[in-house]
Structures are given as structure tokens and as C-alpha cells.
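Taking it in order: structure first as C-alpha cells, then the write-up.
The values are calculated or read from the model by the stated rules, or taken from the named source; none is laboratory data. Quantities reported herein were computed from a predicted structural model and do not represent experimental measurements. Virtual Cβ from ideal backbone geometry, glycine too; neighbours counted across all protein chains shown.
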């Protein structure tokens, strides 16, 4: 489970498992000092993926992390994330180790940028993996799999009222639980996807 006190470090381990890539010793020296460390970590992860043979395009599938070279750092509060249909945006504060997250109206939507980035990254990971299924219930997950490990539970994303939970399933699958809005199952492995699909079809 991802522990809040070391959330970004634990998140890196989760990504290494799902993306089959080594993410130790991330180089963040090229990024401006004013950018919060949590965002620098995401930029470094993205660059490491781009330099690898991986086809995974993390941070640009569902909601887009603005490239660090295109950030407007001329004002204290800067835009760093855009929803894929421009329905909302997210902003943070420069030179803040633990910035809050704001929407376009300036309303606080998360008290901690680092914790918000964990929710965002797991959300993106779920949509980025090669094989996924929508409208999946937690009961269907429990029917098909024995090893279900909580990763990140009842955390907010975009709005304090939007609660989101993530579970790691049998090491190589992830389930995103959106409560009343259903859930999403995802994996990078076709055989795991087919296994779950066959069970669903047999019900």
C-alpha cells in the first residue's frame, strides 16, 4: 500500500512493477528549482519512459501533464494539468515544497500536491495500460481474483467530493474503484485481460 508519508517513493515502486522499468536515481537537475519536487519527479519518470523502448505514454492519455518546457513560471501560481476536453485545469504554487492544488477559479481542490499527484498518476496508469475494461464492479474483481491489495484508498481527485480508490490485483493488474460511477480494470498483459474477460462472460 502507498503510505502518505512517503507517497511518491512508494508510487515509483508501483510504476516500476507495472511498467517494467527501473526508476531509481531519477535525474531532476534540468528542471527549474521553482517547480515543486513532486512535479519534477513526474517529469523525470516521463522522460525515462520516453528514453526506453516502452510504448506507454504516461501522463498524456486521459488528462495531460503540461510539458515542463511549456509551464508559465512568470507568476506565483502556474497551470500544470489540463483535462482531455478542457473541462477543468489544475494549478500549483511555485517554490512550495508542499503546494496546495487549485482549479481555474482559484478554489483549493487538494491540500497536498504530492498526494494529488499520486491519485493523478494511478488514474493515468489505469487508462494507459494496454488492456482495460470499464464498468467493472468490485464484486466482479473479487469473483475472479484472490490476491487484491489496496494501493490508495478513498483519496480525492480534482474535487474533494470525488473519491477514488486503487487496488493491485495479482501483481500485474490494477482496479480503479469510482464508487457509484463503477470501476476500471487494467493490465499490460493480454493473458490476464483475457482470463478476466472469460470469467465475466461465463456469468
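Looking at this structure, is residue 148 modelled with pLDDT of 95 or more and touching a helix residue (DSSP H, G or I) at 6+ places or on another chain (Cβ under 8 Å)?
Answer is yes for this residue.
For the stretch 24-81, which positions are in contact with a helix residue (DSSP H, G or I) (Cβ under 8 Å, 6 or more places away or on another chain) and at positive phi?
59
Among the residues of the stretch 170-188, count how many are loosely packed, with under 14 Cβ neighbours inside 10 Å and farther than 22 Å from residue 10 by Cα. Walk me through how you get there before you give the answer.
Applying the first criterion (loosely packed, with under 14 Cβ neighbours inside 10 Å) to the stretch 170-188 yields 171, 179-182.
From what's left, farther than 22 Å from residue 10 by Cα: 179-182.
Total satisfying the criteria: 4.
Would you confirm, using the coordinates I've provided, whether residue 117 is in contact with a helix residue (DSSP H, G or I) (Cβ under 7 Å, 6 or more places away or on another chain) and either assigned to a helix (DSSP H, G or I) or without any contact (Cβ under 8 Å) to a residue 12 or more places away in the chain (or both)?
Details: in contact with a helix residue (DSSP H, G or I) (Cβ under 7 Å, 6 or more places away or on another chain): yes; either assigned to a helix (DSSP H, G or I) or without any contact (Cβ under 8 Å) to a residue 12 or more places away in the chain (or both): yes.
So residue 117 passes the test.
Report, by residue number, each residue of the stretch 170-182 that is farther than 16 Å from residue 121 by Cα, without any contact (Cβ under 8 Å) to a residue 60 or more places away in the chain and in contact with a helix residue (DSSP H, G or I) (Cβ under 8 Å, 6 or more places away or on another chain).
So the first thing to find is which residues in the stretch 170-182 are farther than 16 Å from residue 121 by Cα, and the list is 170-172, 179-182.
Narrowing further to those that are without any contact (Cβ under 8 Å) to a residue 60 or more places away in the chain: 170, 179-182.
If the condition is that a residue be farther than 16 Å from residue 121 by Cα, without any contact (Cβ under 8 Å) to a residue 60 or more places away in the chain and in contact with a helix residue (DSSP H, G or I) (Cβ under 8 Å, 6 or more places away or on another chain), then 170 is the only one that fits.
Counting just the residues of the stretch 154-169 that are touching a residue at least 40 places away in the same chain (Cβ under 8 Å) and assigned to a strand (DSSP E or B), which one comes out surrounded by the most Cβ atoms within 10 Å (Cβ to Cβ)?
Looking only at the stretch 154-169, we keep the residues that are touching a residue at least 40 places away in the same chain (Cβ under 8 Å), and these are 155-160, 164, 166, 168.
Checking the rest, the ones that are also assigned to a strand (DSSP E or B) come to 155-157, 159-160, 164, 166, 168.
Working: 155: 20, 156: 17, 157: 21, 159: 12, 160: 12, 164: 22, 166: 26, 168: 21.
Among them, the one singled out is 166.
Of the residues 51, 85, which single one is free of Cβ contacts under 8 Å to residues at least 12 places away in the same chain and either over 27 Å from residue 23 (Cβ atoms) or crowded, with 20+ Cβ neighbours inside 10 Å (or both)? Walk me through how you get there before you give the answer.
On the way: 51 fails: either over 27 Å from residue 23 (Cβ atoms) or crowded, with 20+ Cβ neighbours inside 10 Å (or both).
After applying the criteria, what remains is 85.
Within the stretch 183-194, how many residues are touching a helix residue (DSSP H, G or I) at 6+ places or on another chain (Cβ under 8 Å) and outside any strand (DSSP E or B)? Please lay out each step first, then the result.
Looking only at the stretch 183-194, we keep the residues that are touching a helix residue (DSSP H, G or I) at 6+ places or on another chain (Cβ under 8 Å), and these are 183-188.
Now restrict to residues that are outside any strand (DSSP E or B): 188.
Number satisfying all stated conditions: 1.
Would you check which residues across the stretch 126-147 are loosely packed, with under 15 Cβ neighbours inside 10 Å and either in a helix (DSSP H, G or I) or free of Cβ contacts under 8 Å to residues at least 60 places away in the same chain (or both) and list them? Don't jump to the end; show me each part of the working.
Looking only at the stretch 126-147, we keep the residues that are loosely packed, with under 15 Cβ neighbours inside 10 Å, and these are 130, 134-135, 137, 139, 142-143, 146-147.
The answer is 134, 135, 137, 139, 142, 143, 146, 147.
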